[in-house]
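Colleague: Attaching a single structure in structure tokens format; questions to follow.
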Amino acid sequence: MAVWGAAAVWLALAAIGVLVFGVLRFIWAARSLLARVGQTVDRLDNETLALIRELRALTAQASDMNAVVFGQLKRVEKLVSASEQLGEAVERSAKSVRFVARAVDDLAGRNLQRATGAGKQKFGEALTWAELGWTAWKWWETKRTEAAAVPVRPKRDEERDKFERSE
């Protein structure tokens, strides 16, 4: 039994040695794996920092663009507001023009009706006066034509006659 006891001890020691060797091999593999993971994490950290810098730059540009767009939207909003006010002013002006046009049209209609009633009589009188004026014109024209047809004899100048005789 003692043989079996010494062999069992050696076997136990060999098993413990294999077990220690396996644990050390596992630790060494885990350490190299952790080293690779650490390198990957460092590389990812560097890339993440670069991406964060780019994102900050893009965010700053986006913020600037947002401010520009917001300013333009404010201007467009003011322009739309001014356009609405202009439209309202044009609409009020059109209403005023329609009101004035109706008033002028009504006034002109009333004046025309009043003028046609009183104007018919005055128009008749005006025609009578025009006819009288036309008749006077024709009479004067006739007399002028008759007067132009009669030859006019100039009076003789006695001084001139004397001068002609002396020659």
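The values are calculated or read from the model by the stated rules, or taken from the named source; none is laboratory data. The structure presented is a predicted model; accordingly, all values stated were derived computationally and were not measured. All Cβ positions, glycine included, derive from the backbone under ideal geometry; neighbour counts span all protein chains shown. Accessible surface areas use protein heavy atoms only, side chains included; no ligands, DNA or RNA. Shrake-Rupley method; radii C 1.70, N 1.55, O 1.52, S 1.80 Å.
So that you can scan it fast, the table gives a plain yes or no per residue for (1) at pLDDT below 80; (2) of a type outside the set (Gly, Ala, Ser); (3) touching a Pro at 6+ places or on another chain (Cβ under 7 Å):
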site	(1), (2), (3)
Val76	no, yes, no
Glu88	no, yes, no
Ser93	no, no, no
Gln113	yes, yes, no
Lys122	yes, yes, no
Thr128	no, yes, no
Ala148	yes, no, no
Pro151	yes, yes, no
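Colleague: Is one or more of the residues making up the range 82-102 outside any helix (DSSP H, G or I) and open to solvent by 100 Å² or more (accessible area, probe 1.4 Å)?
Modeller: Scanning the range 82-102 turns up no residue that is outside any helix (DSSP H, G or I) and open to solvent by 100 Å² or more (accessible area, probe 1.4 Å).
Colleague: Now, a different point. Give the number of residues within the range 10-40 that are open to solvent by 80 Å² or more (accessible area, probe 1.4 Å) and of a type outside the set (Lys, Arg).
Modeller: Of the residues in that region, 14 qualify.
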